[in-house]
1. Residue-wise, which Karplus ³J(HN,Hα) couplings in Hz belong to segment B:241-256, taking 6.51 cos²θ - 1.76 cosθ + 1.60, θ = phi - 60°, and x for glycine or proline?
2. Taking each residue in B:170-182, count the Cβ atoms of any other chain within 10 Å of its Cβ, then average. What number comes out?
3. Taking all pairs of different Cα atoms in chain A, averaging 1/r and flipping that mean, what Kirkwood radius in angstroms comes out?
4. Subtracting the Cα-Cα distance from 0.36 nm times the residue separation, let me have the gained length for B:GLU254 to B:SER114 in nm, one decimal.
5. If we sort A:117-126, A:294-303 on the protection proxy, mean other Cβ atoms within 10 Å, highest first, what's the order?
6. In whole percent, what relative contact order does chain A give with Cα contacts below 8 Å and a gap of six or more residues?
7. Under a cut-off of 20 Å between alpha-carbon atoms, report the aspartates and glutamates in cross-link reach of B:LYS110, not counting same-chain residues fewer than 8 places apart.
8. How many partner chain Cβ atoms sit within 10 Å of a residue's Cβ in peptide A:16-26, on average, as a whole number?
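What follows is calculated from the coordinates using simple rules that are stated; it is not laboratory data. Nothing here was measured: the structure is a model prediction, and the numbers come from that model. Note: ideal-geometry Cβ built from the backbone for every residue, glycine included; neighbour counts use all protein chains shown.
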Amino acid sequence: MAKESFDKEIQFLRMLVLTSGAFSRQQFAERLGISVHTFDKTIRRLKEVVSSLHQVLPQEQSKELSETIRYSYYDTTDPLLLFLFRAKSVKESESQRISMLLGAMNEQALTAMELLDVCCSSLSSDLPLPDEKTIRSDLKYLEEVGVVKKEPGPRPFRYRIQDDLVRNLSNDELIDLYDFVDVMANTQVPSVQGYLLRDGLKKHLLRNQVELHAVEPFLYKYHYYSRILDEAHLFTLLHAIRHQRKVRFLYFSPKSEKSYASKNTNPLFERDTEGKAEKTLPLKIVYDHQYGRWYLLAYGSEGIRKYRIEGITQIEEDDSVDEAWCEEKKSELAAKMRYSWLIDTGRPVTVRARFYNPGGSEPNFVKERVMLQGQWGQIVSEDEHSFIYEITVNGTTEIKPWLRSFGSSCEILEPLQFRRELIAEWKEIQAYYASV
Amino acid sequence: MHLFEKIFNHQIISRLEDSGTFMVTSHERSWLKTMLEHPAAAEAFTADTLDKLRSILASDQVMDTSLHLIEKARSLEKQVYHPLLSTLRRHIMNKSGMRITYEIKGGRVKTDHSGFPYKLEYSMVKREWYLLWYHTRHHAFMSTRLKNIHAVTAESIKQSTAERILQEFGNTLDSRKSEVVIEIIRTYNEELSRILYAFSSFEKNVEYDLDNDTYRIRVCLLGDEMKYLLSKIRFLGKRVRVMEGDYLKRRMLESSTKALERYGVVTATVSEERSS
């Protein structure tokens, strides 16, 4: 069976999250570069996953998917998009068998033959009964993903579920663990594995008489909750970086209208895709906290290139390169990135800006924010009313929005050209509101 | 490591839930082991628990993500955990009342006020924890930085009162929300994705006007969030324009006018306003 790709689902969910409610089915499908039929099929599939994970009330079953995953600050403590990572298809018989095996090993350590007996006596009769080989290969898989453990001792080996994490901790310690996992998954990257763990622990606590109210004490403000969609590609890329391997993918620049093209296996029906086939050596991944977006920095025939991870589809590993050469490219990149506010590798310039303190007895939130978000920039001088911030950055494009976000509390001093740009922008913005 | 493992399949997960089985993979344990290296771990657990966790995870791998990942434009991580977190989360869990001594703006201290804790809120922008709580005597919803709390102890409260306050929190917060409408200036439709990303941390709906090829974002928010939204709008500059929302419009006019004054530019509109 061909490797299952989730490109369509990822692009689909991203568009749903970002444009919540803006498009009709037809428009939505057009923008994804798929047919309305495929669009409906994808929605059905995702709805199926969502509804099997959340016991939905009958009146909610008909709710649109876009409604189900609509972000609502006080009601949403579970990561809305996590269900994407639950979408891998598994045959009905296999999902029954695996969950039954785990249930059996939950109570005691068992041998493969004993597990076979359990399956034969309890699997529903309309499903084909497994043989010993199947059970052994299930056990091998479960051991590989670290869910079960072989007990020490002579043959035949006994297996048990690996749940020390909850078994060896007191209830109080479990609450502390749950909190830690919740806080770290929400404030650090990567977070998908943390969210999966949080989900498991939450269910475990709820089974053990802890109220729902007790497992949802935290809220996270101004959170880019869609960032986990791109983590889907993260580990493939990390693997390639670790092993100095090139990757191939079809790239859709986020500026193009379409963001996905169906991959037809029959070349006769292949249509023109608007994406561009890329082959490149991945060097670093960048997460941008300003927008909650991910980038891939790579080395290809045109030198260093940057890709938005959201535009990457049909990714596959390719041949490996010489390690020393790869390291050299990495250090070249590191040198170029030294002064990148985000990912700009252009010529470094020194930016000087005067920030004005808020008047009166108010706490100096301007200075607080500059110190919190100003990255490696320095406050070089200061008087009663203002202070001067100086930073060397690659180009002024990426730092500009941040400086502009301070409004009239920030005045660009240098470079002069940059100062002029800001004056022109404020004039335009003022014109937008002239009639207010 | 692959995130789309069949073990994470939704049917398997819901069957395990039915049978009451706790399942954890080495992916999740590796992540946890990596996070335990963060300084926050020492504040989150007692030394004993931390030792216990480390020994449970002894045979798991630490993730090497940080070697290949650069985080940019991140706020300085002043605080991930706060010493009061564990106490307060238990008061919340037990639906207990509290007696709280805290500092307000200007440094004045309020001593021994009765209240009911609702939620703990972390601001990803300020990198700080806040307690959302109900002030019993003033019948007010409060938000206090944990660093401004001097002391807090549990205080008994009638269960029915606790339930009533919880109910009220939900209703009141929703009713206090207001809506603003922001339009993406059509010339910048090419940057749609970036602009929508900037608004993705708000509750919002997007409307698309096919005839004019124009997008409008309807943001739904509480009054005290306006300032943050304002900084986002200034962040995006001339790409967006506030269509509905008088406060934001006024503040944008004020920002641009004052900014131009800083640069020594006085425009026609402003001087007319002054002479009138």
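1. With the stated coefficients, segment B:241-256 comes to 9, 6, 9, 10, x, 5, 4, 5, 4, 4, 5, 5, 5, 5, 4, 5 Hz.
2. Values: counts 2, 0, 0, 2, 3, 0, 0, 2, 0, 0, 0, 0, 0.
Mean inter-chain Cβ contacts per residue within 10 Å come to 1.
3. Values: mean 1/r = 0.0383 Å⁻¹.
This gives a value of 26.1 Å.
4. Numbers: separation 140, 0.36 × 140 = 50.40 nm, distance 4.03 nm.
Length gained between B:GLU254 and B:SER114: 46.4 nm.
5. Numbers: A:117-126: 11.6, A:294-303: 18.1.
So the order, starting with the most tightly packed, is A:294-303, A:117-126.
6. On the way: 493 pairs, mean separation 49.2, N = 436.
Averaging sequence separation for qualifying contacts and normalising by length gives 11 percent for chain A.
7. Correct list for B:LYS110: A:GLU362, B:GLU155.
8. Working: counts 0, 3, 9, 10, 9, 6, 10, 4, 2, 0, 0.
Neighbouring Cβ atoms belonging to other protein chains average 5 per residue here.
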